[in-house]
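Here the structure comes first, spelled out in structure tokens, and everything after it is commentary.
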Amino acid sequence: MRSGFLLSTILLLAFSFAKAQEIETVVVDEVVAQVNEGVVTLSRVKREIKQAIDALVREGKSPEEAKREIESRQGEIIANIINDELFLQKAKELGLDSDIEAQINQRLLQIMKEQNIRSIETLREEMRRIGIDMDELRQAWRKQLSRDLVLQREVDAKVYWGFTSREIKDYYEKNKQKFIKPETVSLSEIFLSFAGKNEEVVKQKAKQLVARIRAGEDFVKVALENSERPNVQQTKGKLQTYRIDELDEKFAKPIKATKVGDVTEPIVLDEGVIILRVDERTEASKESYFDEDEVRRAMLFERAPEERKKYMASLRRDSYIKIAESYRPVVAPILFEEERKQRN
């Protein structure tokens, strides 16, 4: 049971890659592209193609279908690898490496806490046993975080703070319907994990806890005695305040049907069962309200996609990128698509 839950935990954190099942006895490598001082090798491309195929197979496609789909996208995959390399280099240039490594380590510690694993080597072995290579996982997270942090610092922050007071006020006046105060709820939780347990037994226990709370038992006491969140002793099950319109339907629907002070029926997730208590509810307002941060965020949401594309184009333009002749016809049109649009 632990293996299944460990896999779902890693997937929930955003990335998991299956370890290759076949190892080539002879590896002939070549440089597919040079990116500044770094290189993209054929073995790296093959590894990422294998990972992408495995991901589609996990989603339900046959190995043959997955292979055809991914191999038809070879140019896109190589272009993405080149962009990833640019972000990794830029993150290092900006001094973000230590922050990225700290976040990666924190994710692994979170998995260890949830799985009650006491050492990193034990976690590595558990991952290896279910086909996950920890080093590949760390690299996947490193690429994701490099992209996210570079874009947040170099694009989003500059766009967010770049709006003038006049622009903010004008945007608000023209878009007042976007700033009607939404319905919000403050929540507390009790979480029961499936890890190493019979799932039906866990579901039955959750139903019993709901019955006990509705019969008058103190929610916090029940949470402290039963919830399996690592920080429950500090939080006492308390979560934050959420906008109803931003919640996943699996949560929003039962929450809407629950009165303040009551708890939902058990909500079954991939990794366990959650019981939510509605601590407070604020009804949506019919009138718009001005909040500078909310207006800036709305403006950023609209402006960021285009500004990120422009930044990526400039990052490529200011870099030395040389694609091997045999790959250039399938890679260059995809990699430099935005630059062509800007010229036109």
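Exposed loop positions in the chain were taken to be chymotrypsin sites (Phe, Trp or Tyr not before Pro) whose DSSP state is not H, G, I, E or B and which have at most 11 other beta-carbon atoms within 10 angstrom. Between these positions, the longest stretch is 1-288. Simple spin-label estimate for GLU306 and LYS197 gives 5.1 nm between the two label positions (7 Å along the Cα-to-Cβ direction from each Cα). Rounding to the nearest 10 and keeping the result within 0 to 90°, find how far the Cα-based axis of helix 165-174 lies from the longest principal axis of the chain. Roughly 70 degrees between the two axes.
If the chain linking ARG214 and SER62 were pulled fully straight, counting 0.36 nm for each residue of separation and taking away their Cα-Cα distance, it would gain 50.0 nm.
Considering all C-alpha pairs of region 181-282, those separated by over 18 Å amount to 44%. Global size of region 99-151: 11.8, 35 Å for Rg and Dmax (C-alpha atoms, Rg to one decimal, Dmax whole). Computed over region 60-105, the percent of Cα pairs more than 18 Å apart is 53. Computing FRET efficiency as 1/(1 + (r/R0)^6) for LYS238 and LEU315, where r is the C-beta to C-beta distance and R0 is 51 Å, gives about 0.75.
For LYS341 and LEU247, a Förster radius of 45 Å and the Cβ-Cβ distance give a FRET efficiency of 0.80, rounded to the nearest 0.05. Loop-resident trypsin sites (Lys or Arg not before Pro) (DSSP state other than H, G, I, E or B) in region 195-281 with no more than 14 further Cβ atoms inside 10 Å of their Cβ: LYS236, LYS259.
Rounded to the nearest 10 degrees, what's the angle between the helix 120-129 long axis and the longest principal axis of the chain, both from Cα atoms, 0 to 90? Rounded to the nearest ten degrees, it is 80.
Take the Cα of GLU228, step 7 Å toward its Cβ, do the same at THR122, and the gap between the two points is 1.6 nm.
The Kirkwood radius of the chain, taken over pairs of alpha-carbon atoms, gives through the Stokes-Einstein law at 20 °C and 1.002 mPa s a diffusion coefficient of 90 µm² s⁻¹. Taking a ≥ b ≥ c as the square roots of the eigenvalues of the Cα gyration tensor of region 232-344, is the shape rounded (a/c under 1.5), prolate (a/b larger than b/c) or oblate? Prolate. Among the trypsin sites (Lys or Arg not before Pro) in region 48-81, those placed in a DSSP loop whose Cβ has at most 16 other Cβ atoms within 10 Å are LYS61, ARG73. The residues neighbouring LYS176, those whose beta-carbon lies less than 14 Å from its own, together hold a net charge of 0 under the Lys/Arg +1, Asp/Glu -1 convention. Cβ-Cβ distance of ASP279 and LEU109, R₀ of 45 Å, FRET efficiency by 1/(1 + (r/R0)^6): the value works out to about 0.95. Would you mind pulling out the separation of the Cα centroids of region 253-316 and region 136-213, in Å? Value for the Cα centre distance between the two parts: 6 Å. Counting every alpha-carbon pair across region 115-223, the share separated by more than 19 Å comes to 75%.
No value in this document is a laboratory result; all are computed from the given coordinates. What you see is a predicted model; the values in this text were computed from it and never measured. For neighbour counting, all protein chains shown are included, and Cβ atoms are generated from backbone atoms with ideal geometry for every residue, glycine included.
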